[in-house]
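The values are calculated or read from the model by the stated rules, or taken from the named source; none is laboratory data. Nothing here was measured: the structure is a model prediction, and the numbers come from that model. Here the Cβ is made from the backbone with ideal geometry for all residues, glycine too, and neighbour counts use every protein chain on show.
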Amino acid sequence: NAGVTQTPKFRILKIGQSMTLQCTQDMNHNYMYWYRQDPGMGLKLIYYSVGAGITDKGEVPNGYNVSRSTTEDFPLRLELAAPSQTSVYFCASSYTRGLYEQYFGPGTRLTVT
Amino acid sequence: SQELEQSPQSLIVQEGKNLTINCTSSKTLYGLYWYKQKYGEGLIFLMMLQKGGEEKSHEKITAKLDEKKQQSSLHITASQPSHAGIYLCGADNNAGNMLTFGGGTRLMVKP
């Protein structure tokens, strides 16, 4: 199993550009999550999904969009990138909600200038 | 919303020394997770604690949950350079559909 994979690993965007961060898991997990980690800070939840076709907002959803058309994929879309979105983005998945381990991808380091 | 505060924020210890990291919640803890993040990499799951008084160990790392104090501690015995990294605690919200994370503790172990 590859676990949770994310692409790209690094990206530099200009202000106002758009991009999609890709996330795929091969563990047949129902729950998937997107977090951002700012320098020296913990992780904040952006969006999560409880299954294909179902998504919901986390703590910091503004400026982002998600979709979940399949169990495996959970892309994160940035529209009109802003410097405040410079961060490291982590995708995670878990079998179900509650007290189950979340498996994390390696992260995407995004810089917006 | 629930907030988790970790202390200390950073820690430098000599190899072989013991250390403790604390995680305190502003609300009742329904489940507490400990993760380790190597610099520049993703998070690795260490342990999950569910019940007050619960204690779990893995190799030289022990985590405890004090439900009354809304606090968890992570103790490393005889630290090694391989223990270096960022330790993060995370807590389930009541609905169990999201994790809130603490700010992390950066650990450096000097050989």
Out of B:46, B:19, I need the residue that is aliphatic (A, V, I, L, M) and closer than 25 Å to residue A:100 by Cβ. Which one? B:46
List the pairs whose first member sits in the range A:12-29 and is in contact (Cβ under 8 Å) with a residue 24 or more places away in the chain, whose second member is among the small types (Gly, Ala, Ser) and part of a strand (DSSP E or B), and whose Cβ atoms are under 7 Å apart, counting only residues at least 6 apart or on separate chains? A:25/A:93; A:27/A:93; A:29/A:93; A:29/A:94
Just give me the residues in the range A:92-104 being in a strand (DSSP E or B) and not aliphatic (A, V, I, L, M), in sequence order. A:93, A:94, A:103, A:104
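Which ones in the range B:44-54 are outside any strand (DSSP E or B) and either surrounded by 17 or more Cβ atoms within 10 Å (Cβ to Cβ) or among the polar types (S, T, N, Q) (or both)? Let's see the steps before the verdict.
Applying the first criterion (outside any strand (DSSP E or B)) to the range B:44-54 yields B:50-54.
The answer is B:50, and nothing else.
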Looking at the range A:2-14, is at least one residue modelled with pLDDT under 95, out of contact with any Pro (no Cβ under 9 Å at 6 or more places or on another chain), surrounded by fewer than 22 Cβ atoms within 10 Å (Cβ to Cβ) and not in a strand (DSSP E or B)? yes
Give B:27, B:36, B:68 a once-over and let me know the one that is more than 30 Å from residue B:111 (Cα to Cα), touching a Gly at 6+ places or on another chain (Cβ under 8 Å) and not small (Gly, Ala, Ser). B:68
Whichever residue in the range A:95-105 is surrounded by 17 or more Cβ atoms within 10 Å (Cβ to Cβ) and not aromatic (Phe, Trp, Tyr) and, among such residues, is farthest from residue A:32 (Cα to Cα): A:105
Hits in the range A:52-94 - residues which are within 12 Å of chain B (Cβ to nearest Cβ), surrounded by fewer than 16 Cβ atoms within 10 Å (Cβ to Cβ) and over 18 Å from residue B:101 (Cα atoms): A:54, A:56
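Just the residues that are charged (D, E, K, R) and surrounded by fewer than 15 Cβ atoms within 10 Å (Cβ to Cβ), please, taken from the range B:56-91. Before you say what the answer is, go through the steps one by one.
Our first condition is that a residue be charged (D, E, K, R); within the range B:56-91, this holds for B:56, B:59-60, B:64, B:66-69.
Result: B:59, B:60, B:68, B:69.
Listed here are the residues, each with its yes/no results for (1) within 11 Å of chain A (Cβ to nearest Cβ); (2) surrounded by fewer than 15 Cβ atoms within 10 Å (Cβ to Cβ); (3) within 15 Å of the chain's Cα centre (by Cα).
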{"site": "B:2", "(1), (2), (3)": "yes, no, no"}
{"site": "B:12", "(1), (2), (3)": "no, yes, no"}
{"site": "B:16", "(1), (2), (3)": "no, yes, no"}
{"site": "B:24", "(1), (2), (3)": "no, no, yes"}
{"site": "B:42", "(1), (2), (3)": "yes, no, no"}
Would you mention how many residues in the range B:26-40 are more than 9 Å from chain A (Cβ to nearest Cβ) and part of a loop (DSSP other than H, G, I, E, B)? 6
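Looking at the range B:31-80, which of its residues are small (Gly, Ala, Ser), in contact (Cβ under 8 Å) with a residue 24 or more places away in the chain and touching a Lys or Arg at 6+ places or on another chain (Cβ under 9 Å)? Step through it out loud before you land on a result.
In the first step, residues of the range B:31-80 are kept if they are small (Gly, Ala, Ser); the result is B:31, B:40, B:42, B:52-53, B:57, B:63, B:72-73, B:78-79.
If we keep only those that are in contact (Cβ under 8 Å) with a residue 24 or more places away in the chain too, we end up with B:31, B:63, B:72-73, B:78-79.
If the condition is that a residue be small (Gly, Ala, Ser), in contact (Cβ under 8 Å) with a residue 24 or more places away in the chain and touching a Lys or Arg at 6+ places or on another chain (Cβ under 9 Å), then B:63, B:72, B:73, B:78, B:79 are the ones that fit.
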Per the filter on the range A:31-46, residues in contact with a Ser or Thr (Cβ under 6 Å, 6 or more places away or on another chain), under 19 Å from residue A:70 (Cα atoms) and more than 8 Å from chain B (Cβ to nearest Cβ) are A:32
